[in-house]
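In what follows, a single structure is set out as structure tokens and then discussed.
The values are calculated or read from the model by the stated rules, or taken from the named source; none is laboratory data. Here the structure is a predicted model, which means the values were calculated and not measured. Virtual Cβ from ideal backbone geometry, glycine too; neighbours counted across all protein chains shown.
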Amino acid sequence: MTTTPLRPATAAGAVGTAHPRVEGLEKVTGAARYAAEFPLPGLAHGWLVVSRVARGRIRSVETGPVLAMPGVLAVLHHGNAPRLRTDYERQFGAHDQTAAVFQHDRVPHAGWPVALVVAETPEQAREAAESLTVTYEEEPHDIALTADRPEARTVDDYLPGVTEKGDLEAELAASAAVVDAEYTTPEEHHAMMEPHAATARWEDGRLDLLDSNQGTTWVQSELAGLFALDPADIRVRSEHIGGGFGSKGLRAHQVAAAMAARVLDRPVRVVLTRRQMFSLTGHRSPTVQRVRLGADAGGRLRALEHRTLNHTSTVHEFLELASIPGRVLYDADAHRTASELVPLDVPSPTWMRAPGEAPGSFALESALDELAEKLGIDPIELRLRNDPERGPVSGLPFAGRNLAACFREGARRFGWAGRDPRPGVRREGRWLLGTGTAAASFGAGAGPSTASLTAEPDGTFTVRIAAADIGTGARTALTLVAADALEVTPDRVRVRIGDSAFGPAMIAGGSTGTRSWSWAVMAAARELRERLAAAPDIPADGLTVRADTTEALGTLSQKERHSFGAQFAEVAVDPATGEVRVRRMLGIFAAGRIVNPLTARSQLVGGMTWGLSMALHEEAVRDPAFGGLYGGDLAGYHIASHADVPAIEADWVDDPDPEDPVGIKGIGEIGIVGAAAAVANAVWHATGVRHRHLPIRPDRVIAAGAVDA
Ligand code: MOS
């Protein structure tokens, strides 16, 4: 296997060299503390009680018997909980009432928090929570996501829900080849290792929260809104995080812990159980998607339409913008992308690794493969013929678009040349073999951030920034970025993150974290070096400068900025047992400057692994009768395990953007984009049968069979 060599750090610079995680030793020795691991005198433990009905009203919460149980201190519910403000201005997700617990008697979905039992120990709290009788006035619920829901509507959030140009029907009618197909993806869950947990304390009217989240100043601002406090009176810390994937924002447990701590006037910790996470921490909505493509005989797209539908809860309008890939990847004379949602009696979905792009790319990139088949054009060639010069929707030029380079390098290394395009012709014993490919893109955004940088008298440097390392290696990346910006070796740089006291910073989300924070760190380093050049003496308490990128972000020219990637997969399918084995995957990415090849590769391979899991395994199934999940836990929700995951290789091509002062594009999400489509396209190539509904389960493979080649 050839991979970009992991160059050792030299005086030439730390960025671009492989560096193990700076907190690695702390983590493997157990010294790193996670949100639920801080010992605290006087700590009480809260346990959430969640609704067993999917819709209705709470008739009674019978607290009496539970309050008499050993160690029980309080039962909070809608009848006695402090009132929260819910009309405050949000950084993300206007009108989201998902975390505003115990404010009314309405039950919007199965697994909704209806009470918090607080006790001296977690065992007592759990015992009491499981004994609490809650009665409901049950109403009929509706959880069915189907393509024909009349209430489907779009919303404009960061981006418009709908884009359109040209006359679709006319272009489709004039096309030499047309694909018109429906694709579906199921409800999927983040399933990060570390459960959500928070410990809240109040002192002199100020809230202190130890938490596991993707942005301490984000959670701080949400809590300030809900509890009507000045953000300066809230401190949120989140030093180590065992995975987030989009799910670790403000959730019920932080709010419940803060409420209980205030009511009891002592510290309270709330840890979610794995089962509770399946209804309280967001998920990827199922999608129903329809793609219509029309092309001339040479493969040039005349028409592209991508319509998507997702479910959301009745407390938050979350749009899964699955129609987004076509806004970047392909232009057409008539071009329409439209995402809509339907509010149902289900928990609120949320961002999950490559929200929009992950499910959307499955449909669009499958449809491209179907079009290639109809036209008799190689799937890579078809994509290269439709590689636009400008943003198909924006009309803006691309600040680097290296998709073609990814395909060329990927094809060379995967051995694409000489592939027999006919499906169902390669056999190895009981296995049918096939290969597939897909394109990927993901936005390269940035958000305003502040950083402070201290030159210490001992010759070391301390960076402080409210960044979040959710397992990505962000802390290590920032160490390398700071070292280069200061022209020192990384061992002289200490990076402190995960504390709202460090000032506003972008969240670890949308693959913007490392890019946004690096920007601030580089700006602070520039300022510090100027100060040190003018006055080299460092005072005893160090010399500290602060930088804020709010203005600098605005000076970047208006261009389309994205990462790109080419995904490849080889599968073996046994049509008799329905088993699909992925034999190898390769992803080649153009993702700007790669800060740390070691952790970067891990991010990309992690995303691709999830794509495999999405293609073949993951599916949360709701029971129509009670509205909750069948097996909503890690025993029932099937995730790819080691034995399912073959050799996965990820690498990258040069992707410079000379105009961009940072050059980092972010790699947290692009690894999953297109990966499921590459697997599905390989399954088609193996069997000759299209699988348009994920996951490609054995029963579906058996039912679909294989072409008789
Ligand atoms: Mo990511 S889904 O923006 O944490």
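Some points to look at:
- Of the residues making up segment 636-681, those that are touching a Lys or Arg at 6+ places or on another chain (Cβ under 9 Å), more than 16 Å from the ligand (Cβ to nearest atom) and among the small types (Gly, Ala, Ser) are Ala647, Ala650, Gly663, Ala680.
- Checklist (1) of a type in the set (Val, Ile, Thr); (2) at pLDDT below 95; (3) closer than 19 Å to Gly632 by Cβ applied to Thr86, failing item: (3)
- Every listed requirement among (1) of a type in the set (Lys, Arg); (2) more than 19 Å from Ala367 (Cα to Cα); (3) out of contact with any Pro (no Cβ under 9 Å at 6 or more places or on another chain) is met by Arg302 save one, (2).
- Close pairs from segment 343-362: first more than 15 Å from Ile670 (Cβ to Cβ) and modelled with pLDDT under 95, partner away from the ligand (no atom under 14 Å from the Cβ) and part of a loop (DSSP other than H, G, I, E, B), Cβ under 8 Å, at least 6 apart: none
- Residue match in segment 616-624 (condition: buried (at least 23 other Cβ atoms within 10 Å of the Cβ), in contact with a helix residue (DSSP H, G or I) (Cβ under 8 Å, 6 or more places away or on another chain), over 30 Å from Pro108 (Cβ atoms) and modelled with pLDDT of 95 or more): yes
- Qualifying residue in segment 611-625 (condition: more than 18 Å from Thr184 (Cβ to Cβ) and of a type in the set (Ser, Thr, Tyr)): no
- Against the conditions (1) surrounded by fewer than 22 Cβ atoms within 10 Å (Cβ to Cβ); (2) outside any loop (DSSP other than H, G, I, E, B), Asp633 satisfies every one except (2).
- Residue that is surrounded by the most Cβ atoms within 10 Å (Cβ to Cβ) [pool: residues in segment 561-580 that are of a type outside the set (A, V, I, L, M) and touching a Pro at 6+ places or on another chain (Cβ under 8 Å)]: Gly578
- Residue tally, condition more than 16 Å from the ligand (Cβ to nearest atom), out of contact with any strand residue (DSSP E or B) (no Cβ under 6 Å at 6 or more places or on another chain) and in a loop (DSSP other than H, G, I, E, B), over segment 349-391: 6
- Residue satisfying all of: in segment 334-348; among the aliphatic types (A, V, I, L, M) and over 28 Å from Gly166 (Cα atoms); farthest from the ligand (Cβ to nearest atom) among these: Leu344
Matching residues to (1) in a loop (DSSP other than H, G, I, E, B); (2) modelled with pLDDT of 95 or more; (3) within 22 Å of the chain's Cα centre (by Cα); (4) under 21 Å from Gly510 (Cβ atoms):
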position	(1), (2), (3), (4)
Thr599	no, yes, yes, yes
Leu604	no, yes, yes, yes
His691	yes, yes, no, no
Pro695	yes, yes, yes, no
Ala703	no, yes, no, no
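- Checking the stated criteria, Leu384 turns out to be in contact with a helix residue (DSSP H, G or I) (Cβ under 8 Å, 6 or more places away or on another chain) and either in contact (Cβ under 8 Å) with a residue 12 or more places away in the chain or buried (at least 24 other Cβ atoms within 10 Å of the Cβ) (or both).
- The strands (runs of 3 or more DSSP E) located wholly in segment 33-97 that include 3 or more residues which are within 24 Å of Trp202 (Cβ to Cβ) and of a type outside the set (Val, Ile, Thr) occupy 44-50, 72-77.
- Cβ separations smaller than 7 Å between residues 6+ apart or across chains give the following pairs from segment 500-517 residues that are touching a residue at least 60 places away in the same chain (Cβ under 8 Å) and surrounded by 24 or more Cβ atoms within 10 Å (Cβ to Cβ) to residues that are part of a helix (DSSP H, G or I) and of a type in the set (Val, Ile, Thr): Ser500/Thr216; Ser500/Thr217; Ala505/Thr217.
- Segment 32-49: number of residues that are surrounded by fewer than 22 Cβ atoms within 10 Å (Cβ to Cβ) and of a type outside the set (Gly, Ala, Ser): 8
- Residue within segment 302-317 that is crowded, with 22+ Cβ neighbours inside 10 Å and more than 22 Å from Ala354 (Cβ to Cβ) present: yes
- Residue within segment 543-560 that is at pLDDT 95 or above, buried (at least 24 other Cβ atoms within 10 Å of the Cβ), more than 21 Å from Lys665 (Cα to Cα) and away from the ligand (no atom under 16 Å from the Cβ) present: no
- Residues that are closer than 18 Å to Leu172 by Cα and in contact with an Asp or Glu (Cβ under 9 Å, 6 or more places away or on another chain), drawn from segment 320-366: Gly326, Tyr330, Asp331, Ala332, Asp333, Ala334, His335, Arg336, Thr337, Ala338
- Residue match in segment 412-421 (condition: touching a helix residue (DSSP H, G or I) at 6+ places or on another chain (Cβ under 6 Å) and more than 16 Å from the ligand (Cβ to nearest atom)): no
- Among the residues making up segment 50-64, those that are within 19 Å of Glu127 (Cβ to Cβ) and either surrounded by fewer than 18 Cβ atoms within 10 Å (Cβ to Cβ) or charged (D, E, K, R) (or both) are Arg52, Glu62, Gly64.
- Selection of segment 104-127 for residues being over 19 Å from Ala197 (Cα atoms) and either under 29 Å from the mean Cα position of the chain (by Cα) or surrounded by 24 or more Cβ atoms within 10 Å (Cβ to Cβ) (or both) yields Val107, Pro108, His109, Ala110.
- Single residue of segment 408-462 satisfying the filter (more than 30 Å from Val488 (Cα to Cα) and touching a His at 6+ places or on another chain (Cβ under 7 Å)) that is surrounded by the most Cβ atoms within 10 Å (Cβ to Cβ): Phe442
- Restricted to segment 450-527, the set of strands (runs of 3 or more DSSP E) holding at least 3 residues that are away from the ligand (no atom under 16 Å from the Cβ), farther than 22 Å from Thr350 by Cβ and touching a Lys or Arg at 6+ places or on another chain (Cβ under 9 Å) comprises 450-455, 461-464.
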